[in-house]
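Visitor: Sharing a structure here in structure tokens format.
The values are calculated or read from the model by the stated rules, or taken from the named source; none is laboratory data. Computed from a prediction, not measured in an experiment: that's the story for all the values here. FYI the Cβ positions are ideal-geometry reconstructions off the backbone, even for glycines, and counts take in every protein chain you see. Surface accessibility is based on the protein's heavy atoms, side chains included, excluding ligands, DNA and RNA. Shrake-Rupley method; radii C 1.70, N 1.55, O 1.52, S 1.80 Å.
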Amino acid sequence: MNTLVSELVKRKGVERWSIAPDETVIQALREMASRDCGALVVAEENDRVVGIFSERDYARKIVLLGRHSDETLVGEIMTTPVICAEEHWTVEESLRTMMEHRIRHLPVVKDNILLGVLSLRDVAAAVVEPVAADSSI
Amino acid sequence: MRTVSAILSRKGPQVLAIGPDATVLDAIRKMAEYNVGALVVTAQERLVGIISERDYARKVILRGRSSAHTTVREIMTQEVVTAEPEWDMKRCMRVMTDRRFRHLPVQSQGRLLGLVSMGDVVKAIIDEQTFIIQQLEQYMQVQVH
């Protein structure tokens with residue numbers, strides 16, 4: 001419960017899946033498919049986080065709003081501002097934040113520079129597993 | 001520990017479903033309308049699959065299809081893992097994390113009862129933990145004073 005998100009990010013590896021805001025949406029979809037993930041952090045060249053682009057953004061803001069994925073830029077439909085965790089947050093704090101805002105991906109930042117991205121699955125597994133194990137005793 | 005049927009009763013009896021012959025565009029519209037990330041696919045009230053934002057993001061434009069001319073059947077996930085109403089949250093969580101699903105349809109004796117999401121499961125677990133902690137705190141206060 002008191003694990004820090006910075007530890008989870010380390011455990012998950014140092015992958016910092018991000019995309020630039022001026023890439024096209026179709027390029028983002030290709031990257032998500034090749035990395036088998038549901039969201040990419042949108043970051044500028046210096047790793048400064050400016051938003052997040054998820055399957056949810058794609059499902060809601062392209063075809064339903066008459067846009068095309070090869071003509072629309074990630075920066076046009078990304079979710080911004082994005083809710084981030086600071087590296088010193090605990091896993092529990094992060095999970096509560098995700099539930100409160102109904103989000104499935106949480107970038108971890110230090111001074112708004114991207115350190116990594118946690119999914120609801122990563123965070124929930126870290127919080128739930130130890131407790132679930134206790135309750136089965 | 002809380003069970004799947006407790007979650008379903010809190011969510012209400014409505015099951016968000018779509019037919020396999022509907023277009024993907026119809027499915028995306030329905031997901032937006034109800035603000036959900038997946039729909040169960042039913043034919044004659046039987047579960048035949050599940051369609052999610054993931055299926056849409058991976059199997060339409062990237063495979064040269066269009067959402068208006070593709071049916072739900074063509075991109076839905078057919079091999080659906082289902083939960084039973086008496087499953088506890090730990091079991092749901094384990095299945096979802098191991099199999100990498102965010103949604104579990106719930107069935108009992110072949111009848112579709114609803115759909116639980118990872119968010120539903122996590123929320124139920126957190127609520128229960130909060131309740132246990134409050135109980136413990138009250139207990140501690142009683143003991144101290």
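Visitor: Does at least one position in the range A:89-110 carry a residue that is within 18 Å of residue A:21 (Cβ to Cβ), of a type in the set (Val, Ile, Thr) and more than 11 Å from chain B (Cβ to nearest Cβ)?
Guide: yes
Visitor: Does residue B:49 count as at the interface with chain A (Cβ under 7 Å from one of its Cβ atoms), within 15 Å of the chain's Cα centre (by Cα) and among the small types (Gly, Ala, Ser)?
Guide: no
Visitor: Next question. Test each condition in (1) part of a loop (DSSP other than H, G, I, E, B); (2) more than 24 Å from residue B:125 (Cβ to Cβ) for residue A:64 and report the one that comes out false.
Guide: The one condition residue A:64 does not meet is (1).
Visitor: Let me ask something additional. Of all residues in the range B:20-42, how many are out of contact with any helix residue (DSSP H, G or I) (no Cβ under 7 Å at 6 or more places or on another chain), open to solvent by 20 Å² or more (accessible area, probe 1.4 Å), at pLDDT 95 or above and not hydroxyl-bearing (Ser, Thr, Tyr)?
Guide: 3
Visitor: Okay, next question. Kindly indicate the residue of the range A:75-105 that is free of Cβ contacts under 8 Å to residues at least 60 places away in the same chain and among the aliphatic types (A, V, I, L, M) and also surrounded by the most Cβ atoms within 10 Å (Cβ to Cβ) among those meeting that condition.
Guide: Of everything passing the filter in the range A:75-105, A:95 is surrounded by the most Cβ atoms within 10 Å (Cβ to Cβ).
Visitor: Does the range B:119-134 contain at least one residue that is open to solvent by 30 Å² or more (accessible area, probe 1.4 Å) and away from chain A (no Cβ under 13 Å)?
Guide: yes
Visitor: Of everything in the range A:8-43 that's among the charged types (D, E, K, R) and open to solvent by 80 Å² or more (accessible area, probe 1.4 Å), which residue is modelled with the lowest pLDDT?
Guide: Per the criteria, the residue is A:15.
Visitor: If a residue must be within 11 Å of chain A (Cβ to nearest Cβ), outside any helix (DSSP H, G or I) and open to solvent by 20 Å² or more (accessible area, probe 1.4 Å), how many such residues does the range B:53-78 contain?
Guide: 2
Visitor: A further question on this structure: Consider residue A:116 against the criteria (1) more than 22 Å from residue B:97 (Cα to Cα); (2) assigned to a strand (DSSP E or B); (3) more than 12 Å from chain B (Cβ to nearest Cβ): it satisfies all of them except one. Which criterion is unmet?
Guide: (1)
Visitor: Going through A:122, A:57, A:70 one at a time, which residue ends up being crowded, with 19+ Cβ neighbours inside 10 Å, in contact with a Ser or Thr (Cβ under 8 Å, 6 or more places away or on another chain) and of a type in the set (Asp, Glu)?
Guide: Result: A:57 is the single residue among A:122, A:57, A:70 that is crowded, with 19+ Cβ neighbours inside 10 Å, in contact with a Ser or Thr (Cβ under 8 Å, 6 or more places away or on another chain) and of a type in the set (Asp, Glu).
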